[in-house]
Every structure is written in structure tokens, then in C-alpha cells.
1. Given H placed on each backbone N at 1.01 Å, which residues far from residue 108 in sequence or on other chains put an amide H within less than 5 Å of it?
2. What ranking of 92, 109 comes out by heavy-atom accessible area, probe 1.4 Å, highest first?
3. Let a ≥ b ≥ c be the square roots of the eigenvalues of the Cα gyration tensor of segment 20-94; is it rounded (a/c under 1.5), or, if not, prolate (a/b larger than b/c) or oblate?
4. Give, rounded to the nearest 20 debye, the magnitude of the charge dipole that segment 34-174 has about its Cα centre when Lys and Arg contribute +1 at Cβ and Asp and Glu contribute -1 at Cβ.
5. Give me the net charge of residue 74's neighbourhood, meaning all other residues with Cβ under 10 Å from the Cβ of residue 74; Lys, Arg count +1, Asp, Glu -1.
6. Counting Lys and Arg as +1 and Asp and Glu as -1, each charge on the Cβ, what is the dipole of segment 22-94 about the Cα centre in debye, to the nearest 20?
7. With Cβ to Cβ distances under 11 Å as the rule, what net charge do the other residues near residue 28 carry (K, R +1; D, E -1)?
8. Please calculate how many Å² of accessible area segment 64-139 carries per residue, with a 1.4 Å probe and no DNA, RNA or ligand atoms counted.
Amino acid sequence: MKKIHFLSAFLIIFLSLQSCIVSKKPSIGFFDNPYYDYKGAQFTSVNVPIFLAKPFVKKALRDDGESEELINLIKKISDVKVMTIENGNKEMIAGFAKYLTKNNFEEWMTVKKETETINFQAKQKGDVIRNLLITVASGNELVFVDVSGKFTPDDISRIINYSEKKDVGKVISK
């Protein structure tokens with residue numbers, strides 16, 4: 001009987017960690033098109049298992065002394081995908097922008113900082129944002145963070161304000 005419980009527990013843990021596999025294949029819609037020529041771009045995709053990540057993130061935020069309001073925003077996240085592209089190009093970004101427009105994403109904000117451009121795009125239905133896509137372009141390197149959940153526009157504003165305050169804090173402390 002103990003072997004059955006041990007085997008069951010091992011199987012559950014194995015399947016849980018299976019979702020955290022790092023892949024060399026694209027994990028975001030536009031980039032999985034086999035007919036598009038990516039011209040030597042190299043992809044790295046990570047699907048973050050939220051049920052494993054949330055407790056660590058919440059603990060880290062509490063240890064850093066962050067507000068419960070920010071920690072409550074983390075609870076609203078249901079899925080996170082991260083994808084990096086090396087050797088990307090402007091045509092790829094332009095094609096991706098058309099894909100987002102076609103799939104009802106709205107541009108929320110663009111931040112240009114020295115050599116980086118950061119775009120926040122959201123897929124919204126009524127007052128609920130179901131999908132937030134953050135794109136960071138720096139030269140020929142691209143990073144995409146796809147966050148799914150149920151957010152309000154105020155939630156997104158709080159997250160952006162939080163990140164701006166942290167960046168200002170880093171600049172002041174240097």
C-alpha cells in the first residue's frame with residue numbers, strides 16, 4: 001500500500017514539473033507559424049507553472065516588505081509564458097504587431113528607454129483584461145511575457161506604477 005502512495009505522489013510531482021519545461025520552440029501564437037521565415041532567430045520558451053510559482057513570489061514580496069495590495073494582484077494571475085528571441089529583427093516585430101491587432105489586442109503603453117522599447121498590450125472584454133502581453137525589444141533580442149488572468153485596468157495601472165517606483169528607487173540609490 002505504501003508503494004502505491006509513493007508511486008502516486010511521485011507521478012503527481014513529475015506531471016507538475018513537466019509543465020515547467022524549457023523549450024527551443026516558440027510558445028506564443030504568431031511565432032508558431034511554420035510558413036513564416038524567421039531568418040535564423042533562436043527561440044527559448046518557458047511555461048511557468050503558477051501553482052508552484054505563486055507561493056514563492058508572494059513570499060518574496062512579503063520578505064521585501066511589499067504591500068498586500070500588490071500581493072493580491074499576484075493572486076489574479078492564472079498563467080505566465082515567457083519567450084526570448086535572439087537574432088530577431090524589425091520585420092518580425094512588425095508582423096507580430098499586425099498579429100496582435102488582428103487578435104484584438106490593444107496597445108496600452110509604450111516606454112522607450114535608451115536602447116530598449118517596452119510595449120504593454122492587453123486583450124480586454126468589457127472591464128476585464130484576460131491577457132496582458134509585455135514585449136521588450138533591445139536591438140536584435142526580444143523578450144515576450146504573456147500573462148493570463150482576470151485583471152481590471154486599475155490593476156494594470158498599479159502594476160505599472162509599482163514597477164516605475166522601483167526603477168526610480170534604483171536610480172536614486174546609485
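The values are calculated or read from the model by the stated rules, or taken from the named source; none is laboratory data. No experiment lies behind these values; they were computed from the predicted model shown. Neighbour counts are summed over all protein chains in view; Cβ atoms, including those assigned to glycine, are modelled from backbone coordinates with ideal geometry. SASA here: full protein model, heavy atoms, side chains in, ligands and nucleic acids out. Shrake-Rupley method; radii C 1.70, N 1.55, O 1.52, S 1.80 Å.
1. Hits under the 5 Å cutoff: 120, 121, 122.
2. Ranked from most to least accessible, the order is 109, 92.
3. prolate
4. 240
5. Around residue 74, the charge tally is +3.
6. Values: 11 positive and 10 negative charges, 43 e Å.
The dipole of segment 22-94 has a size of about 200 debye.
7. Overall, the nearby charge balance is 0.
8. I get 61 Å² per residue for segment 64-139.
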